[in-house]
Amino acid sequence: MEFLHQLNSPGEGQTSGAASSEAGTEDGPPPRESWPSGALEPTGCWATDWTALIRHHSHLLMAVIAVETHLNSAPPPWRLRFANDYFYHLTGLPTEQEQLPQDVLTRLTVTDQQGLRDRFRRHFLNALLEQCYGEAHLVARRWLHEPLVVSLNDPETQQRRQFELRLSTAPEGIRIQAVAPEIEAQVRACWPHPPSRSQVTTQLLMRDSALNQVIAHLRPDQYAARGLLLLEGIEVTERETSKALIQLLVGQEPVIGTSQFDKANRLIKQLFGADNSLLLIAENQRAQLFRGLDQPHWEDRTYALGELQPSVFWRATETGAVLTVADLSLEAPTQCEQDLWAEGARSLLVIPLVRHPGLPDQGSQPMMGLVGLTSTQPFAFNQADCSLATTLIPALKAAMRYSVREQFSQVHPAVRWRFEQEAERLSLGLPPVPIVFEGVYPLYGISDLRGSSDERNGAIQQDLLAQLHLALAVVTSVGQTLKHGLIDQLKLDLEDRIEALAKGVTVDTEVTLLSYLRQDVEAHFAYFAQINPGARAAIARYRAAIDASHGSVYAARARYDQTMASINGLLRDTWNRWQPAMQSITPHYCDLEATDGIDHMIYAGQAIDPNFTEFHLKALRYEQLRAMCDCARRGLDLKARYHTAMEITHLVLVQGSTVDIVHDETTERLFDLRGSRDTRYEIVKKRIDKACDAETHQRITQPGQLTVVYSTPAEWQEYGQYLHYLQREGWVGNQIERGLVEPLPGVSGLKFARVRVLPDPTPVKAGEARLKPDALPFT
C-alpha cells in the first residue's frame, strides 16, 4: 500500500506525538512556540484543559501525520505527530503509539483504501506541479479537500460505523525537494507551459488522461518529499444509514413483500437504535397491530378503531406528526399501548404514513396506517429522532405505494381512484378486496374490417408461391447437371405443391409448406451450391428474398400488415379524438382494442362518477353514435386509399339495464362482468358482429352503414330518436332498415336497425354540432 509508505517520522527539530502532547495536559499549557499560528494564549482554568479536551473528549477523529520520502531509497515508516483518543480507539492501536504499523489501512475495505490513497496523491500532485512549473495551488481546493466516507468496525461493539474523512495540509503544504528526471519529463509532457487550474481539473477528471497515467505509476522512490498532513473525521453513520434506507425505499424494486423489506426493516431499526418495529393499520372501524416484522409470519392483534382515540397512534395520524412515548409504563391509555408495554416495550416512536378520510359518495371507509419503533429502554427516542423520522416519511410512503401501484400504472383515469385506494390498502399489508363497480351502463361498439381474413390468406398465398418458385429454380438448375432420379422427384414435388397452393390456402398450409422447404430443400443448399454456377445463383436469389425476422418470403404479408396497421390507426385516432368530448359529459371507463378493426367497451355510472344522471347516459350514448359515424366516414374511401378489397362495417349494441364489473387479476382484461345475470350480454358481444338478418339471412352489418342492435321497444324509442338527430346533423341517410336478428346460441329476440352513413360535406369537430343550442337533444 503506497499510502503507508508516504508517512514518516518527525523531522529535525520536531518532537514526537507523545512528547508534544503530554506538555499542556496536567503540567500546564504547551510551550508557546508549539501553539498553532494565531492561537490565543490560554488563561485561567482553560490554561491546563484545552489540549486535554481535544485529545480525550473530541468527537472528531484527529491525527497529524508526518510525510517523508527519499529519492532512490525506500520510504521510512510513517509516524504520528499527534492523534487523539478517538483515533486510537477506532484504529485499535495502543494509546500514544507514535509509529504506525503497515497494516493500519487493512481495517478499511479495498475501495476505501484506494480512496484514501487517492486523496493523498492529490496533495502530492499539488506540490509536484508547483515544483515543475513554479505555480502554487494548481489543484483546486475542492479537489484537494474532497471528503471520503469510509466504513470501520468499532473494536468494542463490532458494529459497522461510517466516517467522513478529510485530508488537509498547512499553507506551505507538502514540499518537494527533488524529483526523478523521468517523472518531471512526463509531467511537462502533459503541458509544455504552466497549466491553468481548470486544465489540471480536466485532466484529473479523465480516467485515462496523461496526468492520471503519470500518477498511477508513480513510486515513492522517484521523489523526495516532506510535510505534514492533518487527517480529520466525523461519524456519519446516521446520515449514511438514512441515505441507504431512502435509496432502498425509492429504488426500482418493490419493497413490500420482498427481501427488500427485511433490509429496510433492519436499517430503520439500526438508524433509531430500536429493538423492534411494528405496523398499525386501521380500516372499517377495525385496527390491526402487526409485530415481529423480521419474522416470516407476522404476529397481529385486532382492536376496535374507537378504542384507539386516546392513543398516540390516533394523535399522530390526526396531526400528521411523528410522536413519541417516553415511558409506556407511565403513559399507556389504551389496550394497544398496554399490550406493547406487557411485551417489554418501554419507549415508542410513531411515524404516520396514511390518513384517508374516506369518500362516502364512493362507498369508501376511513383508513390510517403507521410505522412504529419500540425500545426496551425508557426515554430511548428524542426530538432529533422525530425530526429524522419526518424526513423519511415521503420515502416510506413512496415505497409502500410503488410496491403495489406498479401493476396499476396503465389504469384508465376514470377508475384510477379506486385502484389507488386499493393500492394503499395492500401497501399496508391488508388483504385484497375485489375492485367492483356496481350498476354501470355498458356501451359497446365495433368497427370490423370485413374481408381481412381473405386478404391475409391471399398475402400468405402470394408469399408461399414466390418462395416455392424460387426453390423450384434452385432444383431445376441442379437437375441440369445432376441426372438423379431424386432430383426429378423433388422437382415434381415442388410443382405439385405450387399447383395445390394456387387453388387456395388452408389452416395449416403456411406451417406445412415452410417446414417442407426447410427440411427437404434448404437443408441441401450447401451441397447444391457446389453443383454449378446456375445453382449457386439461384440459391443466392432464394436467400435474398427471405425476410430475416420471419425466415421466409414475407413481402405480400408485410404489405398486408402495414395496411392493417394503417386502417386500425385511422380508426383508433378518429375514436380517440372524440374521447375528450365524451369524457367531458361524464367520466367513464373506455377500453379500446384493435385487431381486424377496433372495438370499444364503455362503462359509465354513479359507481364511477357520483354526479352521473340519466341525462349524462343519454348524452354519452348519442356522442358514441356520432363518434361511430365519424369512424364510418373515414372508411368510406378505404378501397381507393389502401388499394384493398377490405371494407368496414359498424355496429352498436344497446343494453338498457346495468351490469356489475369487477377487476380480476387472473385475466388479461381490466374488468370482467360479475354474476350470471350479465352472461347474456357477454355472449351477445362476442357473436353479434357475425349475426344475420332472420329474413334475408344476410349479415346485419353492411359496409358503410351503422347498425344498432337492441332488444326492447323502449330501447328502440330512445335510439330511434338518436338516429333522427343524426339525420338532422347530416351524419346518416333518411332511410332506416329494421329487422330481426337470427337467434344466437342462448340468445334470441334481438332486433336491429341499419342506416347508411353519409360522406362528410363539412367536417364536424368532436363535441360540436350543427344544431342551434335550443335544438340540441335532451334540452
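Report yes if HIS663 is touching a Phe, Trp or Tyr at 6+ places or on another chain (Cβ under 7 Å) and farther than 27 Å from SER711 by Cβ, otherwise no.
yes
Which of the residues belonging to segment 560-575 are out of contact with any Phe, Trp or Tyr (no Cβ under 9 Å at 6 or more places or on another chain), of a type outside the set (Phe, Trp, Tyr) and either buried (at least 20 other Cβ atoms within 10 Å of the Cβ) or modelled with pLDDT of 90 or more (or both)?
MET564, LEU571, THR574
Among the residues of segment 300-310, is there at least one that is modelled with pLDDT of 85 or more and crowded, with 22+ Cβ neighbours inside 10 Å?
yes
Tell me, which strands (runs of 3 or more DSSP E) wholly within segment 274-322 include 3 or more residues that are of a type outside the set (Val, Ile, Thr) and out of contact with any Asp or Glu (no Cβ under 8 Å at 6 or more places or on another chain)? First the steps, then the outcome.
Working: elements: 276-283, 286-291, 299-304.
Where strands (runs of 3 or more DSSP E) fall fully within segment 274-322 and carry at least 3 residues being of a type outside the set (Val, Ile, Thr) and out of contact with any Asp or Glu (no Cβ under 8 Å at 6 or more places or on another chain), they are 276-283, 299-304.
Which of (1) of a type outside the set (Asp, Glu); (2) in contact (Cβ under 8 Å) with a residue 40 or more places away in the chain; (3) closer than 15 Å to ALA127 by Cα is the odd one out, the single condition PRO171 does not satisfy?
Answer for PRO171: the failing condition is (2).
Here are the criteria: (1) closer than 15 Å to SER452 by Cα; (2) part of a helix (DSSP H, G or I); (3) hydrophobic (A, V, I, L, M, F, W, C). Tell me which single one LEU570 does not satisfy.
Condition (1) is where LEU570 drops out.
Kindly establish whether GLN285 is open to solvent by less than 80 Å² (accessible area, probe 1.4 Å) and either modelled with pLDDT under 80 or on the phi < 0 side of the Ramachandran plot (or both). Even if it seems obvious, please write down each step before you answer.
On the way: open to solvent by less than 80 Å² (accessible area, probe 1.4 Å): no; either modelled with pLDDT under 80 or on the phi < 0 side of the Ramachandran plot (or both): yes.
In short, no.
Pairs only if they're at least six apart or on different chains, beta carbon under 9 angstrom, first in segment 187-209 and in contact (Cβ under 8 Å) with a residue 24 or more places away in the chain, second open to solvent by 100 Å² or more (accessible area, probe 1.4 Å) and part of a loop (DSSP other than H, G, I, E, B); list them, first residue then second.
Listed pairs, sorted by first residue: ARG197/HIS137.
Can you tell me which residue in segment 149-161 is most open to solvent (accessible area, probe 1.4 Å), limited to those that are in a strand (DSSP E or B) and out of contact with any Asp or Glu (no Cβ under 7 Å at 6 or more places or on another chain)?
In this case the residue turns out to be ARG160.
Conditions tested, residue by residue: (1) modelled with pLDDT of 90 or more; (2) aliphatic (A, V, I, L, M); (3) under 40 Å from the mean Cα position of the chain (by Cα); (4) farther than 10 Å from LEU370 by Cβ.
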residue	(1), (2), (3), (4)
THR319	no, no, yes, yes
VAL325	yes, yes, yes, yes
LEU340	yes, yes, yes, yes
SER347	yes, no, yes, yes
LEU353	no, yes, yes, no
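Return a yes/no flag: does segment 452-466 have any residue that is in contact (Cβ under 8 Å) with a residue 12 or more places away in the chain and of a type in the set (Ser, Thr, Tyr).
If we filter segment 452-466 for residues that are in contact (Cβ under 8 Å) with a residue 12 or more places away in the chain, which is where we start, we get 452-466.
Filter once more, so that each one left must be of a type in the set (Ser, Thr, Tyr): 452-453.
Yes, there is a match, as at least one residue in segment 452-466 is in contact (Cβ under 8 Å) with a residue 12 or more places away in the chain and of a type in the set (Ser, Thr, Tyr).
If you take the residues of segment 590-602 that are outside any loop (DSSP other than H, G, I, E, B) and either over 30 Å from the mean Cα position of the chain (by Cα) or small (Gly, Ala, Ser) (or both), which of them is modelled with the lowest pLDDT? Give the steps one after another, and end with the answer.
Taking segment 590-602 and keeping what is outside any loop (DSSP other than H, G, I, E, B), we get 590-595, 597-602.
When the remaining residues are screened for being either over 30 Å from the mean Cα position of the chain (by Cα) or small (Gly, Ala, Ser) (or both), the result is 594, 597-599.
Details: ALA594: 81, GLY597: 87, ILE598: 89, ASP599: 89.
Residue satisfying both the conditions and the ranking: ALA594.
Within segment 87-104, take every residue that is within 25 Å of GLY173 (Cα to Cα) and under 44 Å from the mean Cα position of the chain (by Cα) and give me the one that is surrounded by the fewest Cβ atoms within 10 Å (Cβ to Cβ).
That would be VAL104.
Could you figure out which of (1) in a loop (DSSP other than H, G, I, E, B); (2) among the acidic types (Asp, Glu); (3) open to solvent by less than 60 Å² (accessible area, probe 1.4 Å) isn't true of ASP208?
(3)
Can you tell me which condition GLY134 does not meet? The list is (1) farther than 22 Å from GLU232 by Cβ; (2) in contact (Cβ under 8 Å) with a residue 60 or more places away in the chain; (3) open to solvent by less than 50 Å² (accessible area, probe 1.4 Å), and all the others hold.
For GLY134, the exception is condition (3).
Please go through segment 105-146 and give me each residue that is in a helix (DSSP H, G or I), within 44 Å of the chain's Cα centre (by Cα) and among the acidic types (Asp, Glu), ordered by number.
Across segment 105-146, the qualifying residues are ASP112, ASP118.
Looking only at segment 590-641, count how many residues are of a type outside the set (Asp, Glu), within 20 Å of LEU758 (Cα to Cα) and open to solvent by 50 Å² or more (accessible area, probe 1.4 Å).
Residues that pass the stated criteria total 5.
Against the condition under 30 Å from THR95 (Cα atoms) and open to solvent by 80 Å² or more (accessible area, probe 1.4 Å), how does GLN199 come out, does it pass?
On the way: under 30 Å from THR95 (Cα atoms): no; open to solvent by 80 Å² or more (accessible area, probe 1.4 Å): yes.
The answer is no for GLN199.
Just a yes or no: is a residue in segment 513-526 assigned to a loop (DSSP other than H, G, I, E, B) and either free of Cβ contacts under 8 Å to residues at least 60 places away in the same chain or open to solvent by 30 Å² or more (accessible area, probe 1.4 Å) (or both)?
First, the residues of segment 513-526 that are assigned to a loop (DSSP other than H, G, I, E, B): none.
Scanning segment 513-526 turns up no residue that is assigned to a loop (DSSP other than H, G, I, E, B) and either free of Cβ contacts under 8 Å to residues at least 60 places away in the same chain or open to solvent by 30 Å² or more (accessible area, probe 1.4 Å) (or both).
So PHE313 clears everything in (1) modelled with pLDDT of 80 or more; (2) within 15 Å of GLY369 (Cβ to Cβ); (3) open to solvent by 70 Å² or more (accessible area, probe 1.4 Å) except one condition, right? Which one?
PHE313 satisfies all of (1) modelled with pLDDT of 80 or more; (2) within 15 Å of GLY369 (Cβ to Cβ); (3) open to solvent by 70 Å² or more (accessible area, probe 1.4 Å) except (3).
Name the strands (runs of 3 or more DSSP E) wholly inside segment 695-763 in which the number of residues that are open to solvent by 10 Å² or more (accessible area, probe 1.4 Å) is 3 or more. Quick ask: steps written out before the conclusion?
Numbers: elements: 705-710, 732-740, 751-757.
The strands (runs of 3 or more DSSP E) meeting that bar are 732-740, 751-757.
Could you please let me know if THR391 is modelled with pLDDT of 90 or more and among the hydroxyl-bearing types (Ser, Thr, Tyr)? Walk me through it before giving the result.
Numbers: modelled with pLDDT of 90 or more: no; among the hydroxyl-bearing types (Ser, Thr, Tyr): yes.
Here the answer is no, as THR391 does not meet what is asked.
Within segment 243-256, does at least one residue satisfy the condition of being within 30 Å of PRO171 (Cα to Cα) and modelled with pLDDT under 85? Spell out how you get there, then give the answer.
Of all residues in segment 243-256, those within 30 Å of PRO171 (Cα to Cα) come to none.
No, because not a single residue in segment 243-256 is within 30 Å of PRO171 (Cα to Cα) and modelled with pLDDT under 85.
The values are calculated or read from the model by the stated rules, or taken from the named source; none is laboratory data. Keep in mind that what you see is a predicted model, and the values were worked out from it rather than measured. Because the Cβ atoms are built from the backbone with ideal geometry, glycine has one as well, and the counts that use them run over all protein chains shown. All accessible areas refer to the heavy atoms of the entire protein, side chains included, with ligands and DNA or RNA removed. Shrake-Rupley method; radii C 1.70, N 1.55, O 1.52, S 1.80 Å.
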